[in-house]
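Here the structure comes first, spelled out in structure tokens, and everything after it is commentary.
No value in this document is a laboratory result; all are computed from the given coordinates. Since we're looking at a predicted model, the values are computed, not measured. Ideal geometry is used to build each Cβ from the backbone, glycine not excepted, and the neighbour counts take in all protein chains shown.
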Amino acid sequence: MNQEIIPGADDIYPQLGQLIFDAIPNEFSIAWVRVEMIDDVSSCGMFYKKPNGRFQYLNVGLDGVEEKFAELRNLFKKSGREPWTGATFILAEDGEFSIELTYDDISDFGRATERREIWIAKYLGEGPAIDWR
């Protein structure tokens, strides 16, 4: 997690964690939320690891999560920091979490699928068993 203090960010992180817990309909060991945001355009998706070792993908019912990420991004702007364009929130079943921010150019929306595949390889591994529905 970024060590610089962003006023108000420490209040948002546990709220994000709770929203993520609430969005997962089953048992899980770890969850990853991936967000891309620029200006007023954003995307949000979540993967979580099920007890059977497979990953489940969710991209519906995450409006509250996406709104909290937008709130967090706005805090960065208000504090004079460069607004991030990507975030990965990692949440363990015991409530431990971390967040990783990126500042990549994501303006080429045609490369969104490629960026997601790179992200999947980084966080879930090569060729993970994903249930997309």
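Things to note:
- Residue within the range 61-79 that is over 19 Å from ALA9 (Cα atoms), in contact (Cβ under 8 Å) with a residue 40 or more places away in the chain and surrounded by fewer than 17 Cβ atoms within 10 Å (Cβ to Cβ) present: no
- Residues that are in contact (Cβ under 8 Å) with a residue 24 or more places away in the chain, in contact with a strand residue (DSSP E or B) (Cβ under 6 Å, 6 or more places away or on another chain) and not in a loop (DSSP other than H, G, I, E, B) within the range 101-118 comprise just one, LEU101.
- Qualifying residue in the range 89-98 (condition: under 30 Å from GLU126 (Cα atoms), without any contact (Cβ under 8 Å) to a residue 60 or more places away in the chain and of a type outside the set (D, E, K, R)): no
- When each of GLY45, GLY64 is tested for being in a helix (DSSP H, G or I) and in contact with a Leu (Cβ under 9 Å, 6 or more places away or on another chain), the lone residue that passes is GLY64.
- Being touching a Leu at 6+ places or on another chain (Cβ under 8 Å) and surrounded by fewer than 11 Cβ atoms within 10 Å (Cβ to Cβ) holds for only one residue in PRO25, PRO7, PRO51, and it is PRO7.
- So ILE120, is it farther than 15 Å from ILE12 by Cα and of a type in the set (Val, Ile, Thr): yes
- Selection from the range 11-25 of residues that are out of contact with any strand residue (DSSP E or B) (no Cβ under 7 Å at 6 or more places or on another chain) and assigned to a loop (DSSP other than H, G, I, E, B): PRO25
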